[in-house]
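The values are calculated or read from the model by the stated rules, or taken from the named source; none is laboratory data. Just so it is clear, the structure is predicted and the values come from calculations on it, not from any experiment. Don't worry about glycine lacking a Cβ; one is built from the backbone with ideal geometry, like all the others, and counts go over all protein chains shown. All accessible areas refer to the heavy atoms of the entire protein, side chains included, with ligands and DNA or RNA removed. Shrake-Rupley method; radii C 1.70, N 1.55, O 1.52, S 1.80 Å.
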Amino acid sequence: MVKLARIQTSSPHRGSKSSILTVQIPSSSFQSAEIQSYFTEHDITPSNSHYINIETIASSASAFLSMGTEASSKAQALIDTATSPGASMTDPFISKNVIFSEEITRILSPLDGRSEVGKFLCIGMNYVDHCTEQNVPVPTVPLVFSKFGSCVVGPGDAIPRYGPSSPDATVTHGGMNATLDEEPVVTSKLDYEVELGIVIGTTVPRFTPASEASKYIGGYTVIHDVSARDMQLEANGGQWLLGKCGDGYGAMGPVITTLDEFVKGDTNDAFGGAGDLHLECRLTQKEGSNQTMTVQSSSTSNLVFSTPQIVSYLSKFMTLYPGDVVATGTPPGVGCFRKPDPLWLKDGDIVECEIEGIGTLRNVVVERVEDSQEKDTSASSVGEATSTTKPIVKGPPSQTEDGTPQKQRLKNSVCIVTGGARGLGYGIALKLALEGAAVVALIDMKQEDLDVAASELEKELKQMLPEDDAPSGPTFYGLACDVTNIDKVTETCRHV
């Protein structure tokens, strides 16, 4: 069993990749006395999670899952090496491949929504107790709808509400009538739903019987199926697509737990290992007592259609591919059906979705996506997948009120720009200097190009700054380096 996670790290020697595919392991898995001593010295608790780089096996979770047991076996070998009693902090394997919790800056969705999630399908009315709370019949066939990959966000990411300016106002925009509001408004009835997510591991042939469907399931993840109920249920007879497909309406993570954690040897398990998993949703409201309350709590034993039945049913209509995701429905307790009054998500609320054997997915609701960096960064914590995620600190604005560069923003800082001799890198280098950087190191392939760029940038900087603000000495320095070789880039950055 492995738990797949995508992370970002603060360590320069890890390179500049936007994400790293890893497997997650808790502090308690490490048997080395030296490593446990390191944890004690750095106040790292047994519940903290750490990560092993597995990009020598696969570069994405969907690619990993498509490899089946071969990938899991290779990953387990890396885990065994990292957690062995003789492992040392000075071992090249540990320093190169093990990423400890204090190095983590962000945990991403385990699947990249735009590049990996080809289909994001959802099953409605799939919990017996959810049907009961609505006083509707239990479906005889799955109710299928969809989201998009653009809905996907990860742990700690913001879910934008775009609500009316008045808390008591209702939405009256284009979903309801023929015109759009002047202000950006989407919903006044944002709702939560915790769901077990199926992640397809290998291609599912058309008309696959339920008895064979489990072997195509790569693993399970936690999904927060966010819904704009006014759009879904009221607008123009019910705009299900618009009510379910907003940006951020498909939060996912913190990990994908592979199927072998749930199916112990019997790949013909009729429930795909998900016959009795506890799941719950907790809400901490910004307004009021600020106490956390459990709003949904149930078990997958209440599923109307099991995960193999769902995969089999979908295969009648379409081929499912690695990375496709199926949200399997939500239990009772959703906001729109609460009595005596519905419960809608508001700006600043924190929602935690937890499923046994996977972990806790935590997200914060914001009014506008641009507000997301200003919210309580405790939403970055991911329960069983806890990292020591560092809060995002907003610096001074990049411009003053009159539109000129804010020179204090990067005052006395040293900045490095790869590809700085040309194009976008050249422009970024100039902007950094205008915002106060004392040194801007340009890294690119050819020294002659760098020398020309540094000279031209010095001229442009002096032309754009008042004479009193112009630096007395050079600001730009060019360093030739093979930017395709991460070891060379790391060495050059250390030199800077």
| said: For region 420-427, check the following and say yes or no: at least one residue is aliphatic (A, V, I, L, M), assigned to a helix (DSSP H, G or I) and at pLDDT below 75. | reply: yes
| query | Can you tell which of D43, D112 is open to solvent by 10 Å² or more (accessible area, probe 1.4 Å), at positive phi and part of a loop (DSSP other than H, G, I, E, B)? | reply | D43
| said: Take G265 and tell me if it is buried (at least 19 other Cβ atoms within 10 Å of the Cβ) and modelled with pLDDT under 95. | reply: no
| said: Looking at region 34-47, I want the residues that are farther than 14 Å from E103 by Cα and have a partner that is among the aliphatic types (A, V, I, L, M) and not in a loop (DSSP other than H, G, I, E, B) with Cβ atoms under 9 Å, at least 6 apart or on another chain. Which pairs are those? | reply: I35/A82; I35/I94; I35/V98
| How many of the residues in region 456-492 are of a type in the set (G, A, S) and without any contact (Cβ under 8 Å) to a residue 12 or more places away in the chain? | 3
| task | Tally the residues that are among the acidic types (D, E) and at pLDDT below 95, restricting the search to region 213-246. | result | 2
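Here's the yes/no breakdown for (1) out of contact with any Asp or Glu (no Cβ under 7 Å at 6 or more places or on another chain); (2) acidic (D, E); (3) under 18 Å from V153 (Cα atoms); (4) at pLDDT 95 or above:
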site	(1), (2), (3), (4)
Q8	yes, no, yes, no
S18	yes, no, yes, no
T45	yes, no, no, no
S60	no, no, yes, yes
S66	yes, no, no, yes
E103	yes, yes, no, no
G118	no, no, yes, yes
| remark: Residue hits (region 434-450; charged (D, E, K, R), within 10 Å of A421 (Cβ to Cβ) and buried (at least 16 other Cβ atoms within 10 Å of the Cβ)) are D444, D449
| note | Scanning region 46-105 for residues that are under 16 Å from I20 (Cα atoms) and charged (D, E, K, R) gives E55, K96, E102, E103
| Only one of S27, S18, S66 that is surrounded by 15 or more Cβ atoms within 10 Å (Cβ to Cβ), among the small types (G, A, S) and more than 27 Å from K215 (Cα to Cα) | S27
| request: Output the residues belonging to region 125-150 that are within 15 Å of S227 (Cβ to Cβ), surrounded by 17 or more Cβ atoms within 10 Å (Cβ to Cβ) and of a type outside the set (F, W, Y). | output: M125, N126, H130, K147
| Just checking, which of A87, A58 is open to solvent by less than 40 Å² (accessible area, probe 1.4 Å), more than 29 Å from P322 (Cβ to Cβ) and in a loop (DSSP other than H, G, I, E, B)? | A87
| Scan of region 248-272 for residues that are of a type outside the set (V, I, T) and either touching a helix residue (DSSP H, G or I) at 6+ places or on another chain (Cβ under 6 Å) or closer than 23 Å to V304 by Cβ (or both), ordered by number | Y249, G250, M252, P254, L259, F262, D266, N268, D269, A270, F271, G272
| task | Kindly indicate whether any position in region 244-260 is part of a helix (DSSP H, G or I) and either β-branched (V, I, T) or more than 16 Å from T330 (Cα to Cα) (or both). | result | yes
